[in-house]
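Report on one structure; see the data block that follows.
The values are calculated or read from the model by the stated rules, or taken from the named source; none is laboratory data. Remember, it's a predicted structure, so these values are computed and weren't measured experimentally. Methodologically, a virtual Cβ is constructed for each residue, glycine included, from the backbone with ideal geometry; neighbour enumeration extends over all protein chains shown.
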Amino acid sequence: MHKSSAWPLAGVYAVLMVYASLYPFDQWRDQDLVPWSFVTHPWTPYWSGFDVVSNWLGYAPLGFWLTLGALRSGVQRGTVAYSVMAAAGLSFLLESLQSYLPARVPSLLDFTLNTAGALCGASAAHALEQLGWLDRWSRFRARWFVPDARLSLVALFLWPTALLFPAAVPFGLGQVLERLEDAVGAWLKDTPFLEWLPLRHVELQPLVPGAELLCVMLGLLTPCLLGFSIIRHQHQRLLAVVVVVGMGVAASALSAALSFGPRHAWVWLQLPTWLGMAMGIVVACIMSMLSARACLACLLCVLVLNLAILNQAPASEYFAQTLQTWEQGRFIRFHGVAQWLGWLWPYGVLGLALARAGRSDEGRA
């Protein structure tokens, strides 16, 4: 028996929905209105196809994971209804809180679309259970993965979503030092604590092509090694490399298409990227022969090295302009979901790898 990955995924997704719905979290004010007054207001005439699709699809995964978690926990009755009510309750709460934010507009249309999306996701999970697909997944998981693979699987499922936030280097997640310094400096402005902030004597330098190539390779190796630590057999690991590369390329292309337009979906595939991907695939195939414990050790080394190189480089001005499209334009909701995953995913995997390595040591002792 194993614990389902659905509950952690539902929890992570709910937190991301809270961030996406309440971003940018500033200038809160009371308008002397009942927070849920949006229910009685007419539907806003200012909407677009993107708004409809994003609000509908935004809550579909939450309904899916809530229903799947309930089903995998042995609950058979009322799973769809309970999941939809939970998702609708969250949406209602967030829409109500938006009445205190000048940058957000609560809307009955948004709430209705969120609930409809949750219903679609919950119905899809229930249909998969009725068709026997969840049992097939359980058998597949038992053949492929070790019993305690739940959190690692959650991290692997989240990796493509993390790649949707624009990265200065393809697969280069976790480049936060420069923005973290700016944010801390802004928070400590006009306070005596600003003097405590350490200053760099040398400005961050852009990555040379060789360093960019290395970061692409290490960024691709990270999910591969994480998968190797929970996958049972080598031939399964080799197939996992193909899946990881395919998902990484697809997510990066989608990110570029959202940022620059569909015609520029492959603009990120430059020579250092091609070479880095090729080297990453070759190294991953070689490392697939290692034991799970050795893969965890290699994963820790790869993560530390990759984060050290990425955070010694600044974001280019062209990359900064790309971020403005996400942070100020129509991706404001989507930005909230993907941004924190893009920043924090490698650090979460680092903590997960340390925890798994500790349990491995205890088992050997």
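Restricting attention to segment 124-134, does a residue exist that is in contact with a Leu (Cβ under 7 Å, 6 or more places away or on another chain) and closer than 16 Å to Met17 by Cβ?
no
For every residue, the table says whether it meets (1) assigned by TED's automatic domain parsing to the domain that holds Ala240; (2) among the charged types (D, E, K, R); (3) buried (at least 18 other Cβ atoms within 10 Å of the Cβ); (4) more than 30 Å from Gly219 (Cβ to Cβ).
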| site | (1), (2), (3), (4) |
| --- | --- |
| Val80 | no, no, yes, yes |
| Gly89 | no, no, no, yes |
| Phe92 | no, no, yes, yes |
| Leu101 | no, no, yes, yes |
| Pro106 | no, no, yes, yes |
| Thr112 | no, no, no, yes |
| Ala118 | no, no, yes, yes |
| Arg136 | no, yes, no, yes |
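Quick check on segment 322-342. Is at least one of its residues assigned to a helix (DSSP H, G or I), over 23 Å from Pro223 (Cα atoms), among the hydroxyl-bearing types (Ser, Thr, Tyr) and modelled with pLDDT under 70?
Yes, segment 322-342 contains a residue that is assigned to a helix (DSSP H, G or I), over 23 Å from Pro223 (Cα atoms), among the hydroxyl-bearing types (Ser, Thr, Tyr) and modelled with pLDDT under 70.
When only residues in segment 155-209 that are acidic (Asp, Glu) and not in a helix (DSSP H, G or I) count, which is modelled with the highest pLDDT?
Ranking the candidates gives Asp190 first.
Does at least one position in segment 261-268 carry a residue that is more than 19 Å from Phe157 (Cα to Cα), part of a helix (DSSP H, G or I) and either at pLDDT 90 or above or acidic (Asp, Glu) (or both)?
no
Is there any pair linking a residue in segment 258-269 that is under 17 Å from Val169 (Cβ atoms) to one that is not hydrophobic (A, V, I, L, M, F, W, C), with Cβ under 7 Å and at least six apart or on different chains, and which?
What qualifies is Ser259/Pro166; Ser259/Thr322; Ser259/Thr325; Trp268/Pro170; Trp268/Ser252.
Condition check ((1) closer than 22 Å to Ala6 by Cβ; (2) in contact (Cβ under 8 Å) with a residue 60 or more places away in the chain) across all residues:
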| position | (1), (2) |
| --- | --- |
| Gly69 | yes, yes |
| Ser73 | yes, yes |
| Val84 | yes, no |
| Phe92 | no, no |
| Tyr100 | no, yes |
| Arg104 | no, yes |
| Gly117 | yes, yes |
| Ala127 | yes, no |
